[in-house]
Amino acid sequence: MFKLIQKSNPTKCHQTQKTSFLLGRSKQCDIVIGDSKISDVQAKVGTKDNRYFIKNLGSDKISVNGRPTEGQFINDGDELAIGKSIFVIQVAEIKRPKSKLTSMEDKTMVLDIPSDETLGPRLVCTTATGKSKIIPLKREKLIIGRSNEATLKLMHPSISRKHCVIERQDEGYVARNISTTNPLYLNDQVISEQRLYSGDQLRMGTFSITFISDQSTDARQTTQKIVTSATRSNRSLWLTALLILTFSAYLLYMHAYMPWQAQQKLAEVAGQIEVGDYMPARESLKEVLHTDLSAENAQTAKDMLAQITLAITQQKAEKGDLNTAKVFLKDYLAKYGHGQEAEKLWDRLDYYRLTLGEQLESNKQHQSALREYSSIREDSLYFEEAQKAIRRIWLAFQQKSREKQDIAQLLKEAETHFLAKRYLTPVNKNAFSIYQAVLTLNPKHDLALQRIKQMKSFYREHADGYYKKRNWSKALFYYERYSIIDPESRRIKAKITACRQKLVSAQKGGSASDNRGGKLTKKDEKKKREEIQRLLEESGAESSRIMKYLFEEKEGEKDTDTPW
């Protein structure tokens, strides 16, 4: 629970259970403060690293503990000055009961599975002081971290809540880093995902974890010896020996010297990253990636390049240059955005797009803000928030031209559109936006509330009917229209997600025969790169559904299932 308690009158309090919300004078905000000295959308409060932070979005200043700020972390008991008022921040925290005093070593490792020692694949976890524990790998997936959801809990600040996962796959056991902040090392090399062999050593924080298996499939394959047949003459013998020597030299160069040289270069880059010398390290990695690398070294280089790119963009963003940080990210993603290691960078790009959109919207630059909001990917963490912002701008855009009309005039026009079933479009000529204008003048107007409820029922009933018939595309169409009117409905959000999953599954099933080997064909690879280019455009391709039905006029089209 987050509370704002007015200092001059402690009985007056604003509160919310959301972890991310807006506060300001507008009724669209989660916390509404009726003060003419603050902006419509004055600030945004969110969480980062399990702490609350506040960011100023308005034209008026805010202060924390008497110091003006544009954005900073806030704590329980801090004083927030906004407009004419001063509020005391109160954050309710869940306090865990204190247990008996135990040494760090006694409470470092917690295991959710029986720890009886058995043969077969297993992990040996060793602390910095030398204490060890054996963990049999009896499950398909074992999560390591500080979270209560982890199977192996390592209670140390250097360990992420969910740090890594050990998973059994067809070819064997695989270790994958699932932390966005802390690295995972395999045999002293930073990895994102790698196959494990008996004797391999993982390192995270202060812990060392060794993978041991007596299964033959988990042993590393040894290099086979080259055997030559006997020759009939000395001349043939010398010729064969020369060929063997040449071939051996080639193998030594390609499979020993070149990998060794690449590893030396990667070790040098790791040192540069450790001291924060990012730009030279980045150039070195780009050169290394253009050489003939082993699969393991290539993945290590890609992981390090993603780590460097994230650090550089974060530095640029901290200086307030979000546009430069966004351009830098897009340049990286255009070249390397198809790998798994790039996922966290896609999320960071969407975060910058959302933040830029909020800044532009607060500065009344609505067209530019829409470009940022509508370019956020549909599977992004920030997609729903962007959709709400688009809807917010749409309503403001339509109601602006109706500021001088009274309720009677608005209702007359709204009823005309309602009876013609022009619920959401065309722009400036639809029932929903005009009824919203009525509610702005009178929030409890019975007819406006009743009509909006009837529109929601129309979309919900049609959507549910198509859903029962397993017509996912039609059901999705009506659920998405409903979400424009009521974006907070959890049931509708769940139905939208289910419809999209069904459609994706159907598409995958249709193309399964083209990709039996698990490797991308040239056609698939080209399609993937085209998709990346589309995602990097500022055209709103991923948010086309809400942009299409809210802002674009479509004349001449006839669809019996479309009510406008």
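The values are calculated or read from the model by the stated rules, or taken from the named source; none is laboratory data. The structure displayed is predicted, hence computed values, not measured ones. Positions of Cβ are generated from backbone atoms using ideal geometry, with glycine treated the same way; all protein chains shown enter the neighbour counts. Surface accessibility is based on the protein's heavy atoms, side chains included, excluding ligands, DNA and RNA. Shrake-Rupley method; radii C 1.70, N 1.55, O 1.52, S 1.80 Å.
Cβ separations smaller than 8 Å between residues 6+ apart or across chains give the following pairs from segment 61-80 residues that are over 23 Å from residue 317 (Cβ atoms) and in contact (Cβ under 8 Å) with a residue 60 or more places away in the chain to residues that are open to solvent by 70 Å² or more (accessible area, probe 1.4 Å) and basic (Lys, Arg): 79/7. When residue 524 is tested against (1) assigned to a helix (DSSP H, G or I); (2) open to solvent by less than 50 Å² (accessible area, probe 1.4 Å); (3) modelled with pLDDT of 65 or more, only condition (3) is not met. Annotation note: of 324, 309, the sole residue that is more than 18 Å from residue 175 (Cβ to Cβ) and within 17 Å of the chain's Cα centre (by Cα) is 309.
Residue by residue, here is whether (1) modelled with pLDDT of 85 or more; (2) surrounded by fewer than 16 Cβ atoms within 10 Å (Cβ to Cβ); (3) under 16 Å from residue 14 (Cβ atoms); (4) among the basic types (Lys, Arg) holds:
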residue	(1), (2), (3), (4)
29	yes, no, yes, no
46	yes, yes, no, no
57	yes, no, no, no
63	yes, yes, no, no
79	yes, yes, yes, no
82	yes, no, yes, no
93	no, yes, no, no
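Annotation: of all residues in segment 312-329 being in a helix (DSSP H, G or I) and open to solvent by 50 Å² or more (accessible area, probe 1.4 Å), the one that is farthest from residue 387 (Cα to Cα) is 315. For segment 364-421, what are the residues that are outside any helix (DSSP H, G or I) and touching a Gly at 6+ places or on another chain (Cβ under 6 Å)? Across segment 364-421, the qualifying residue is only 375. Of all residues in segment 11-22, at least one satisfies being farther than 26 Å from residue 385 by Cα, of a type in the set (Val, Ile, Thr) and over 28 Å from the mean Cα position of the chain (by Cα).
To keep it simple, each residue is scored yes or no on (1) modelled with pLDDT under 90; (2) touching a His at 6+ places or on another chain (Cβ under 9 Å); (3) at positive phi; (4) β-branched (Val, Ile, Thr).
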residue	(1), (2), (3), (4)
428	yes, no, yes, no
437	yes, no, no, no
457	no, no, no, no
468	no, no, no, no
476	yes, no, no, no
483	yes, no, no, no
488	yes, no, no, no
491	no, no, no, no
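Among residues of segment 6-27 being at pLDDT 85 or above and assigned to a strand (DSSP E or B), the one that is most open to solvent (accessible area, probe 1.4 Å) is 15.
Table: residues versus (1) open to solvent by 50 Å² or more (accessible area, probe 1.4 Å); (2) modelled with pLDDT of 85 or more; (3) part of a loop (DSSP other than H, G, I, E, B).
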{"position": "124", "(1), (2), (3)": "no, yes, no"}
{"position": "129", "(1), (2), (3)": "yes, no, yes"}
{"position": "135", "(1), (2), (3)": "no, yes, no"}
{"position": "143", "(1), (2), (3)": "no, yes, no"}
{"position": "147", "(1), (2), (3)": "no, yes, yes"}
{"position": "153", "(1), (2), (3)": "no, yes, no"}
{"position": "157", "(1), (2), (3)": "yes, no, yes"}
{"position": "162", "(1), (2), (3)": "yes, yes, yes"}
{"position": "165", "(1), (2), (3)": "no, yes, no"}
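The strands (runs of 3 or more DSSP E) found entirely in segment 192-253 that carry 1 or more residues being aromatic (Phe, Trp, Tyr) and at pLDDT 70 or above are 207-212.
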